[in-house]
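A short write-up of the structure that comes next.
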Amino acid sequence: MARVKQTVLNGNANGDQKHQNGTTVASVCKQETTDIQRWRLLDEAGRQTWHYLETDGEVKAWPQSTADRYFLGMHLVLPELAPPRTPLSSAQNALSFFSRLQLPPGNWACEYGGPMFLLPGMVIAWYVTQTPIPAPIAIEMKRYLFARQNPDDGGWGLHIEGESTAYGTTMTYVVLRLLGASEEDERMVKARGMLHQLGGAVMGPHWAKFWLAVLGVMEWEGVNPVPPELWLLPNWVPIAPWRWWIHMRMVFLPMSYIYSRRFVTPQTPLIRQIREEIYTQSHSSINFSSHRNSISPRDNYHPKSWILTIINWILVYIWNPFLRTNSIRKRAEDWSFNLIHREDENTDYANLAPVNAPMNLVACYVHDGPDSYSVKRHRERLPEFLWMKHEGMLVNGTNGVQTWDTSWLIQAVHEAGLAEDLKWKPMLTKALEFLEDQQIRENCREQDVCYRQQRKGAWAFSTKLQGYTVSDTTSEAMKAVMMLQQTSGYPKLVSDDRLHDAIDTILTMQNASGGFASYEPTRGSEYLEYLNAAEVFGRIMVEYDYPECSTAVVTALRLFSRHYPEYRKADISKALDGALKYIRNAQRKDGSWYGSWGICFTYAGMFALDSLASVGETHATSARVRKACDFFLGKQRDDGGWGESYRSCETATYVQRESQIVMTSWAVIALLVAEYPHREPIERAVRLIMKRQQGNGEWKQEGIEGVFNKSVMISYPNYKFIFPIKALGMFARKYGNPEIL
């Protein structure tokens, strides 16, 4: 939040409070909103930060952009466009609007929210590390959290569309109190009633209990063990953490260090007060050790296995008191912190995501001290996760979706046949320049020591500074680059050698099954899920094969081989054979594929059919493709659209909801790539997409689109532009752009 002067809550005439631990928070009765016209988004080579301008002079010197106003839900003064009659004119209108949201470096930005457990970790980390919370942030965070409160029961869920849970309600209530909300506020009274109805904070899952212990409102005896000694295990051990999924091990790493140190922030009057609000009995009367395994049924998506329960008992009652020597403890803490330092170094303190980033800040505060460079740098980087919108300020699921969304927009315009249109060349050239700038050019230092995947030539989901290889982002970005660089009129910014680097990295990521996972090949057995201590998530312990990632790789390799037929020809052929075999085998009996990154069967089906089409498997030639088309058509709604609930992800069974523009576009793309021979159902869907378009070319936000770990939903707001543009353009190219409206 640097760059402009900030009002920091530090105990002033307006009644702001400074607590005994040095952290400052808003007073109880402060205003409920800031001046929305003073917010600005700064994008520095993809590094996105929101700034609140304090003076009229600053406001005048830095005018709000169209993108700023759109993100903040403000009125846009844009011309009404000619009503579209054809799919291509509808796509053009959409581009006319969406192009105005392109940021100076060439990328697109957006909210990447949905999970409700991200913001609390950030605020608690700030509080316990005595990091001042600027007044505009505190005010807008409160406003967002209250905007997302369940109006019926007063609680909060795991994500914005979920039912109230002990996790969501406990963490949000506590953080609202830290941000200055009064316990007497009627909304807080209602939330407290819901929390007590759920059994109080002792019924929260493991991650909630960890943060509550750090804050000092729960005793560490109530937290199941997180032993850093696991990092001392030899690599050959089947449960060694390097085998875990990257997000799980990067969370466990600082969590284990902090757990081992039993760090607790100094008590303040506010903390003592919160202690008496979040339980159904007085804090001093609770036997916390008896609640290590307590959890609300609403939160218990993945119940602890009996194996994990036994291991936890052994750690608590035998290992910790009798066998864990000081030398073992010190070795474990030293090595785990060494790995924390390497994560910080490899990402310039941006870190993988906003779950481990606040934990790393706390670990550095404990190990290096409050005035250390590491703490200072974490404080500077954490604002990159913040996002401001019309409801207030939230924490994004990563530091953005810059590379991912920009790659898809380029592809959508290209697939629509509009890349050669002079009107869109400046926009697309800027987007290409952004992708060129964001390619990762070197591997991590001593990558094997810190268990990192090869990354030279890859693209990260957000920015190159975040720096994590992702199989599908690398594939989609590479496709976007090749599409434009092979189109007349575009510069060749990414050299052949750099594309070769991308291929080299992608080929390291294939699993024995033939499929591709997300960040790295699968390193451990699915049996590791017996050690899943997170409770609220599924499929979190190891990497898995995904139809979406596998398809991204298949289509990228196919396109690359078309332009570079001799480079690693045999390796690419072998990789394609394996990936296609996996995709065919992953098809379910009803013709569908289960999606892990978008909701759900609609999303995965679009990808899978695209990969099969790339090798000539279409409705006319393949029984499996015909079966997939039948599945899609069986889910089409009476209005011509498709709508799939996030419950599909949780239950692994298709669950209907009202038609959604994004899902309808996915279905249209799926049927078109499959070369489904009958136009009528596809045209009905296209008509729905066009009817819902606004006069300025945009589509309004509908239901949530994304998912991870089966139970957590996450927003991809730019999908409502990208995929309709692609679907409309593909329909026009196939059917000659007929009048639909």
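Brief remarks on what is shown
- Once the Kirkwood radius over Cα pairs is known for region 309-357, the Stokes-Einstein relation at 4 °C and 1.567 mPa s delivers a diffusion coefficient of 101 µm²/s.
- Other residues lying with their Cβ under 9 Å from the Cβ of Gly514 contribute a combined charge of -1, Lys and Arg counting +1, Asp and Glu -1.
- Check: the chain dipole with +1 on Lys, Arg Cβ and -1 on Asp, Glu Cβ, in debye: 500 debye
- As a fraction of the 1.4 Å probe accessible area of region 274-403, surface on carbon and sulfur atoms comes out at 57 percent.
- Among 515-526, 404-415, the order from most to least packed when residues are scored by Cβ within 10 Å on average: 404-415, 515-526
- Legend: calculated FRET efficiency, Asp571 to Asp421, from the Cβ-Cβ distance at R0 = 45 Å, rounded to 0.05, equals 0.75.
- Theoretical gain in end-to-end length, Lys627 to Ala512 [0.36 nm per residue, Cα-Cα removed]: 38.7 nm
- Linear extension gain, Arg262 paired with Glu163, 0.36 nm per residue minus alpha-carbon span: 32.4 nm
- Per-atom-type breakdown for region 459-588 gives carbon and sulfur 49% of the accessible area (1.4 Å probe, protein chains only).
- Take the Cα of Tyr317, step 7 Å toward its Cβ, do the same at Ala147, and the gap between the two points is 4.9 nm.
- Förster-model FRET efficiency, 30 Å R0, Thr487 and Leu741, C-beta, rounded to 0.05: 0.50
- Against the rule of thumb 2.2 N^0.38 Å, how large the Cα Rg of region 266-394 comes out: 1.37
- Separation between Cα centres of region 73-103 and region 371-448, rounded to whole Å: 22 Å
- Each Lys and Arg Cβ is given +1 and each Asp and Glu Cβ -1; about its Cα centre, region 268-321 then shows a dipole of about 80 debye.
- For region 726-741, the residues whose backbone nitrogen is under 17 Å from a point 7 Å from the Cα of Ala82, taken along Cα to Cβ, are 737-741.
- Modelled spin-label separation between His390 and Asn293, with each label point placed 7 Å from Cα along the Cα-to-Cβ direction: 4.8 nm.
- For region 117-222, Kirkwood radius (reciprocal of mean inverse C-alpha pair distance, Å): 13.7 Å
- 1.4 Å probe accessible area per residue over the chain, in Å²: 35 Å²
- Answer label, with mean projected area of the Cα convex hull in nm² calculated from the coordinates and candidates (i) 30.8; (ii) 73.6; (iii) 71.2: (i)
- One decimal place: the segment Tyr527-Gln694 gains 55.2 nm when fully extended, by the rule 0.36 nm per residue minus the C-alpha distance.
- Distance from the alpha carbon centroid of region 232-282 to that of region 610-650 works out to 43 angstrom.
- Along the axis of the charge dipole computed for region 591-697 (Cβ charges of +1 for Lys and Arg, -1 for Asp and Glu, origin at the Cα centre), the listed residues Gly634, Ser611, Ile689 are led at the positive end by Ile689.
- Packing-based ranking, highest mean first, of 204-212, 365-373, 242-250 given that Cβ atoms within 10 Å are counted: 204-212, 242-250, 365-373
- Förster radius 35 Å - calculated FRET efficiency between Gln197 and Ala652 (Cβ-Cβ, nearest 0.05): 0.75
- Magnitude of the charge dipole for region 121-227, about its Cα centre and with charges confined to Cβ atoms of Lys, Arg (+1) and Asp, Glu (-1), is about 200 debye.
- Each label was represented as a point 7 Å from its Cα along the Cα-to-Cβ direction; for Glu58 and Gln273 these points are 2.9 nm apart.
The values are calculated or read from the model by the stated rules, or taken from the named source; none is laboratory data. Everything quoted here is computed from the prediction, not taken from an experiment. As a convention, Cβ positions derive from the backbone with ideal geometry for all residues, glycine included, and neighbour counts pool all protein chains shown. SASA here: full protein model, heavy atoms, side chains in, ligands and nucleic acids out. Shrake-Rupley method; radii C 1.70, N 1.55, O 1.52, S 1.80 Å.
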